[in-house]
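Here is the structure we will look at, set down as C-alpha cells.
The values are calculated or read from the model by the stated rules, or taken from the named source; none is laboratory data. Treat the numbers as computed from the prediction; the structure is a model and nothing was measured. We place every Cβ from the backbone using ideal geometry, glycine too, and count neighbours over all the protein chains shown.
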Amino acid sequence: MTYLFDDPKSFPADAVEGLVAAHPEELLQVHGGVVRKNATPAGQPALVVGGGSGHYPAFAGWVGPGFAHGAPCGNIFSSPSSDQVYSVARNAENGGGVILGFGHYAGDVLHFGVAAEKLRAEGIDVRIVAVSDDVASGQTGEHRDRRGIAGDLPVFKIAGAAIQAGADLEEAERLAWKANDATRSLGVAFDGCTLPGADDALFHVPEGKMAIGLGIHGEPGIDETPMPSAAELAEVLVDGVLKETPELDSERVAVVLNGLGTVKYEEMFVVWKHAAQLLADAGLTVVRPEVGEHVTSLDMAGLSLTVMRLDDELEQLWLAPADTPAFRRGGTVGGERGEERGELYSPGEDPIPEATEESRDSARTITSILGEVESLLVELEPELGRMDAVAGDGDHGQGMVLGIRAAHATAQRAAENGAGARTVLVQAGASWSADAGGTSGALWGAALTSLGSAFADDTAVDDEQLLTGLVQAVEAVERLGRAKPGDKTMVDAAVPFRESLAEAKGSGSSAADAVAAAAEKATAAAEDTADIAATMGRARNHGDKSVGTPDPGAISFSKIVTLLGEQLSA
C-alpha cells in the first residue's frame, strides 16, 4: 500500500520536488526531471538516464558526479514523454553529446528515440543504450531484446564512471554496451505493488507461492513455485542468473542483490549470505557487492539478483567513486565538477533561428502542404477509425487528426514568425508527437523531425534534400517503431516508399515524379496488408480478426504520400 500522497495524479511530480528539496546542493529540478546542480563540464558527454517513477533510487537518485548528469521522470511505471526526455537532455548537454540510457521497454524505446531525433536535428550527437539484463524475458541469444531491470545500476554506473574519467561519447557508449552485454538478472515477487490512490495491488501472488521472472512493473513471470526459504531463494536466483554465460566470460563479477520495495535489508542480508557462498562455489570472485534497494517497484514484495562479469576495464569503473543522493562510493570523485549553471532550458515557444527568404518560401510551401494533409485526414478520420476498430481500439483516425492539426498550427505560427524550412518541420514534428500521443503520434512526430533535419534555414529546399529527408523520415520510423514489413503496420507501406525513393536518387528523376511513383508502391503495399494478420501493436492480441482489413497506419501513410506527390506536381 502507498500510504502518503496528496493528489495521486501529481504523485510523481510531488516526489521529484521533494527529492530536490532534500538534496538542494546536489540536484536541480527542470521540466521533466532533474539534473546536477552544477552544469556539465564543457565538452563532457552527458549521461541522461530515466524511466517511469516508482523505482527510486532509479533513476533520479543516481544523478551526480561519477554517475548520471540528468534523469527524466515519467509517471508511475510509464515512460517519460519525449518532451520530458528532450528537456532534461537539453539542460544536461554542454557540447559533448548525450547518452540516453533506459531499461528496454517499448514505451521508453519510442519516447527516448523521438527525443533523440529532435536533439540530432539540432546538431547534438546522441547515443542510445537500452539495458536488457532480464533473463526471464527472452531466450539465450536474444539478450538485447530483453527487458531492463536492476542491471540498470551497474551498466549506468560503468558509463558514468567512464565519462568522469575522461571518456568521449563514443568510448562511453562502447563501455555501456560492453557492460550491458556482460550483465544478467533474475527477479522474483511474493506480492504486487499498489499505485498511489488505488484500492488494491496491481496483481497478487497466491498465498504460499513465489512468482519467478516478474518485471519491475508487474509484468507476468514465467513460473510460480512454493514459497522458499532464504537459502532456497538464493539458489533459485544464482542458478537462474548463471544458467547462461554472457559475452564476457570472467570469474570476477559485480553483483547486486536488489530489493523491490517491501523486502527489507536484514532479510536481504540473510539471502545474500547464501548467495555469496553459491557464487563462490561456482568459482566466481565477487567484487564490491551491492545489497539493498536500488531499482524498486513502489512497495512490491520481491528481490532480484544481478551479476555483471568483469574484466580489468569494467572492474576499474565499477570500483570508481560516485557521489549521488542514493549511491555513494569511495573517496572524492576526480575530474571536473562543472561551473555553476547559467540559464536553463524550459519548454514554451521555441526560438526561431534566422532564415533566408529562400528558406522562408520553402517553409510557406511546407505549411501549405501540411494544411492539405490536415484536410485529407479530417476527411479520412471515420474510415481510419473503422479500420482500426476491427482489431484495435478505433482511435487511429482521431489520433492522426489531433497530430496534424497541432503540427499544422505550429508550422503556421513558426512560418509567420519568419522560420525557415528546417525549423518549421522540426517544431511541427514536436507538436504532432506531443498532441497526438500513442505510437503513431510519436512515429509521425519523429518522421517530420527527421525530414526537417535534412533541410536548412539558409537555403531553399531542393530535390536532393527532399528525397534525402523523406528517406531519413522512413528510416526514423523503422528505427523507433522496430516493425518490419509483414508485421501489418505503417512500415508495410513506408518501406516500399523508401526503397523506391532511394532508387530514384541520382537517376535524374524530379522529386515530384519520384514521390508520385513511390506513393503508388506504398498504396499497393498498404492494400496488401488486408491479407496479413497483425503481429505488433494493440492489434497483435486479435491479429486474426484483422485479416481482410488493411492496416489503418499503412493506409494513412499511403494517402499522405500520394497527396504529397500531387502537391509537388501541381
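At a glance:
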| read-out | value |
| --- | --- |
| Qualifying residue in segment 285-294 (condition: touching a strand residue (DSSP E or B) at 6+ places or on another chain (Cβ under 7 Å), of a type in the set (G, A, S) and surrounded by fewer than 19 Cβ atoms within 10 Å (Cβ to Cβ)) | yes |
| Extreme residue, modelled with the highest pLDDT, among residues of segment 106-131 that are surrounded by fewer than 24 Cβ atoms within 10 Å (Cβ to Cβ) and under 19 Å from H217 (Cβ atoms) | A130 |
| Condition met for G74 (under 22 Å from N258 (Cα atoms), in a strand (DSSP E or B) and modelled with pLDDT under 95) | yes |
| Among the candidates A162, A150, A89, A172, residue that is in a loop (DSSP other than H, G, I, E, B), more than 24 Å from V474 (Cα to Cα) and modelled with pLDDT of 95 or more | A150 |
| Candidate set: segment 175-195, residues that are among the β-branched types (V, I, T) and not in a loop (DSSP other than H, G, I, E, B); chosen: the one surrounded by the most Cβ atoms within 10 Å (Cβ to Cβ) | T183 |
| Pair list, Cβ under 7 Å, 6 or more apart: segment 331-353 residue closer than 30 Å to A406 by Cβ, other residue outside any loop (DSSP other than H, G, I, E, B) and of a type outside the set (S, T, Y) | L344/V30; L344/N91; Y345/R90; Y345/N91; P347/D83; D350/Q427; I352/A414 |
| Test result for E336, among the acidic types (D, E) and buried (at least 18 other Cβ atoms within 10 Å of the Cβ) | no |
| Selected residue (criterion: farthest from V126 (Cα to Cα)) from residues of segment 39-51 that are of a type outside the set (G, A, S) and either out of contact with any Pro (no Cβ under 9 Å at 6 or more places or on another chain) or modelled with pLDDT under 95 (or both) | P41 |
| Scan of segment 114-136 for residues that are in contact with a strand residue (DSSP E or B) (Cβ under 9 Å, 6 or more places away or on another chain) and among the aliphatic types (A, V, I, L, M), ordered by number | A115, A116, L119, I124, V126, I128, V129, A130, V131, V135, A136 |
| Residue match in segment 368-380 (condition: surrounded by fewer than 24 Cβ atoms within 10 Å (Cβ to Cβ), of a type in the set (S, T, Y) and closer than 17 Å to L448 by Cα) | yes |
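Residue-by-condition table, conditions (1) touching a residue at least 60 places away in the same chain (Cβ under 8 Å); (2) part of a loop (DSSP other than H, G, I, E, B); (3) closer than 18 Å to M300 by Cβ:
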position	(1), (2), (3)
A167	yes, yes, no
G197	yes, yes, yes
D200	no, yes, yes
E207	no, yes, yes
L214	yes, yes, yes
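So that you can scan it fast, the table gives a plain yes or no per residue for (1) part of a helix (DSSP H, G or I); (2) in the same structural domain as Q29 (by TED's automatic domain parsing):
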residue: V271; (1), (2): yes, yes
residue: A280; (1), (2): yes, yes
residue: R337; (1), (2): no, no
residue: E343; (1), (2): no, no
residue: S346; (1), (2): no, no
residue: D361; (1), (2): yes, no
residue: E372; (1), (2): yes, no
